[in-house]
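Asker: This is the structure, below, for whatever I ask next.
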Amino acid sequence: MGPVNAPDGDDQDYRAHDNAGFVASTGTGWIKLWVRWDQVQPLSPALCPWDRLADPAANPGYAYLAALDAQIALARSQSPPVGVVLTSWLFPRWSNGTADLVEGSAEDLAFHPHDRLDRDSFDAGDPAGRGKPLFYRVPESAQLGVDGHWGRWTRFLYERYAAYGDGLVLEVMNEPNLQWWPQQGPSVSDDPFEGGGLSAPVLAATMMRTAQEIGAEHGHPLRLAAPSTWDGPKLEPVGAGGSRMYTDYERFTQAVLTALAADGFAAHERFVWTQHNYLDTLLDLGGDTASANRAASTRAMLVGRWSGRPEGGARGEAPGIWLTEGGVDLREDRVAGDTDEQRRLLERNWRRMASDSGDGAGIGMLTNYLAYSELHYDSGLRDPLLSGGAPRAAAQAWRGFPSYR
C-alpha cells in the first residue's frame with residue numbers, strides 16, 4: 001500500500017483498494033499503512049493536549065486519524081482478516097525545532113544545509129529543491145524518551161490500537177538511514193559539509209528502547225517493528241566520495257546494534273527487525289548471482305545480537321526479519337518501463353526470500369510497494385488507480401505467491 005495523505009482517502013487509501021476488490025483477489029495477508037504524525041497532530045500539546053487527540057472539536061488533524069481508524073477496522077473485519085503493519089512517519093515541526101521557519105525561504109535554505117544538501121546543490125541555491133524537508137528532522141534526544149513528545153505519540157498509537165493484538169504490528173520509524181536528518185554529528189573539520197560521527201543510529205536505538213518500554217507497560221499485546229532500514233549502498237567516508245545525506249544499510253545496522261548493546265538492551269521476542277529490499281529486487285542480488293543479498297547480510301549481522309523472534313513469521317533459527325517494503329520502480333533505467341521484467345525480478349526475489357535456507361533463512365515477510373503505482377514511484381502491481389488501475393504482469397505473479405497470515 002502507500003501513505004494516506006488525505007483525510008477522506010486517496011488512491012492509496014485501503015478503502016479504495018477494497019472497493020476495487022484487488023487486495024482480496026491476491027490473497028495478500030498483510031498491508032502496510034503509514035500514519036503521518038505531522039498530519040494527525042498538527043498542533044503542539046500546549047494547543048491540543050494529548051488526551052484530546054481523538055476529539056474532533058480540539059484536534060484539526062482528527063480527520064486523518066478517523067480515516068486511519070476506518071482502514072484498519074476494514075482490514076481486520078474482512079474474511080479472512082488482513083493484518084496491518086502500521087508505520088509511524090514524519091515529525092511535526094512543532095516537535096523538532098523548525099516551527100518558526102518558512103518552507104522555501106532563505107532562512108529555510110540556510111538552516112543546517114550541510115545536513116540536508118550536498119555542497120554543490122547548496123552553493124547553487126538548491127535550484128532542484130533537493131534539500132531534505134523540515135519534517136524529516138529528528139527531534140532532540142530528550143523528546144525521544146517515554147515522556148518526550150515522540151514517546152507520548154508512540155504511546156498514543158500503541159494504546160489506540162492495542163486491542164488488535166497480533167493483527168497489527170506497530171513499526172515505529174521509516175527509513176531512518178535515508179530520510180532523517182541529521183545523519184551525522186558536526187564535522188570534524190572547519191568545513192561543515194565534511195563528515196562527523198554517526199548520530200542517526202543512536203537516535204533510532206533510543207526510539208527502539210522507548211517503544212519497547214511502552215510495550216512492556218502494556219504487557220506486549222502488539223508486536224513492534226523497527227528500524228525499517230533502507231537497503232542503500234555501502235559508502236566511502238565523506239571525504240572519499242560519500243555523503244552526509246544518508247547512511248548505508250550495513251553501517252547503520254551495525255551502529256544501531258552497538259548503541260542498543262551499550263545499554264544492555266535485549267529485544268523482546270515480539271519485537272521484529274525490519275528492512276526494505278528494493279535494491280535486492282531491482283538489482284537481482286543474491287542466490288545464483290555474484291552479489292550478496294542485503295536482507296541475508298543483515299540477518300547475519302543480527303545473529304547473537306538481536307533477540308526478537310517474530311512468531312509465526314520467520315522460518316529457520318531466530319532472529320528473523322520482515323521486509324516491509326520492496327519492489328521494482330519502472331522508472332529505473334535497468335527496467336525502463338518493462339512490466340515483464342518487473343514481474344521476472346519480483347519472482348526471482350520471491351524464490352530467494354521464500355526458501356528455508358540460503359538467502360531466505362529467517363525472512364518472515366515480503367512486501368511490494370505499491371499495490372497501485374504512483375507517478376512518483378512506479379513500482380505498483382497495477383497501473384495508478386487514478387488512470388484506471390489496470391493489472392500488470394506482476395499482479396498475476398503476486399497472486400501466485402503463498403501468503404503468510
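What follows draws every value from the coordinates through simple rules; no lab data is involved. Just so it is clear, the structure is predicted and the values come from calculations on it, not from any experiment. Here the Cβ positions follow ideal geometry from the backbone for every residue, glycine too, while neighbour counts run over all protein chains shown.
Asker: Taking amide H positions as placed in the peptide plane 1.01 Å from N, state which residues far from Ala225 in sequence (5 or more) or on other chains have amide H under 5 Å from it.
Answerer: Leu170, Glu171, Val172, Val272
Asker: Next question, about the same structure. Normalised by the residues of the chain, what does the relative contact order come to in percent, with Cα pairs under 8 Å and at least six apart?
Answerer: Values: 790 pairs, mean separation 52.3, N = 405.
13 percent.
Asker: Taking 0.36 nm per residue of separation and subtracting the Cα-Cα distance, what length does fully extending Thr258 through Ala290 add? Please report the intermediate quantities before stating the final value.
Answerer: Numbers: separation 32, 0.36 × 32 = 11.52 nm, distance 2.93 nm.
Between Thr258 and Ala290, full extension yields 8.6 nm more.
Asker: Please get the size of the charge dipole for the range 14-399, origin at its Cα centre, with Cβ charges of +1 on Lys and Arg and -1 on Asp and Glu, quoted in debye to the nearest 20. Could the numbers behind the result be given before it?
Answerer: Numbers: 35 positive and 49 negative charges, 225 e Å.
The calculation lands at about 1080 debye.
Asker: Starting at the first residue of the range 111-119, write each ³J(HN,Hα) from the Karplus equation 6.51 cos²θ - 1.76 cosθ + 1.60 with θ = phi - 60°, in whole Hz, x for Gly and Pro.
Answerer: Working through the residues one at a time gives 8, 6, x, 5, 9, 10, 9, 6, 4 Hz.
Asker: Run the quick spin-label model on Asp166 and Leu74: label points 7 Å from Cα toward the beta carbon, then report their separation in nm to one decimal.
Answerer: Here the answer is 2.6 nm between the modelled labels.
Asker: Would you please put 37-50, 289-302 in order of how densely packed they are, using the mean number of other Cβ atoms within 10 angstrom per residue and starting with the highest?
Answerer: Peptide ranking by packing, descending: 289-302, 37-50.
Asker: Loop-only check: which trypsin sites (Lys or Arg not before Pro) in the range 173-264 are DSSP coil with at most 14 other Cβ within 10 angstrom? Please report the intermediate quantities before stating the final value.
Answerer: Working: sites: Arg209, Arg223, Lys234, Arg244, Arg251; in loops: Lys234, Arg244.
Hits after loop and neighbour filter: Lys234.
Asker: A further question follows. So, in nm, how far is label His376 from label Glu341 when the simple model puts each one 7 Å beyond its Cα toward the Cβ?
Answerer: 2.5
Asker: Give the label of the value calculated from the structure for Rg/Rh (Cα atoms, Kirkwood Rh), choosing from (i) 0.94; (ii) 0.99; (iii) 1.03.
Answerer: Computed from these coordinates, Rg/Rh (Cα atoms, Kirkwood Rh) corresponds to label (i).
Asker: If we count other beta carbons within 10 Å of each Cβ, what is the order of His376, His218, fewest first?
Answerer: Details: His376 8, His218 12.
Fewest-to-most Cβ neighbours within 10 Å comes out as His376, His218.
Asker: What FRET efficiency do you get for Asp51 and Asp147 if R0 is 25 Å and r is their Cβ-Cβ distance, rounded to the nearest 0.05? Mind dumping the intermediate values first?
Answerer: On the way: r = 15 Å, r/R0 = 0.59.
That pair, Asp51 with Asp147, gives E of 0.95.
Asker: Any chance you could run the full-extension gain for Glu332 through Glu140? It's 0.36 nm times the residue separation minus the Cα-Cα distance, nm to one decimal.
Answerer: Numbers: separation 192, 0.36 × 192 = 69.12 nm, distance 3.59 nm.
Length gained, Glu332 through Glu140: 65.5 nm.
Asker: Across every pair of different alpha-carbon atoms, what Kirkwood hydrodynamic radius in Å does the range 127-245 reach? Could you put the intermediate results ahead of the total?
Answerer: On the way: mean 1/r = 0.0630 Å⁻¹.
Hydrodynamic radius (Kirkwood, Cα pairs) of the range 127-245 is 15.9 Å.
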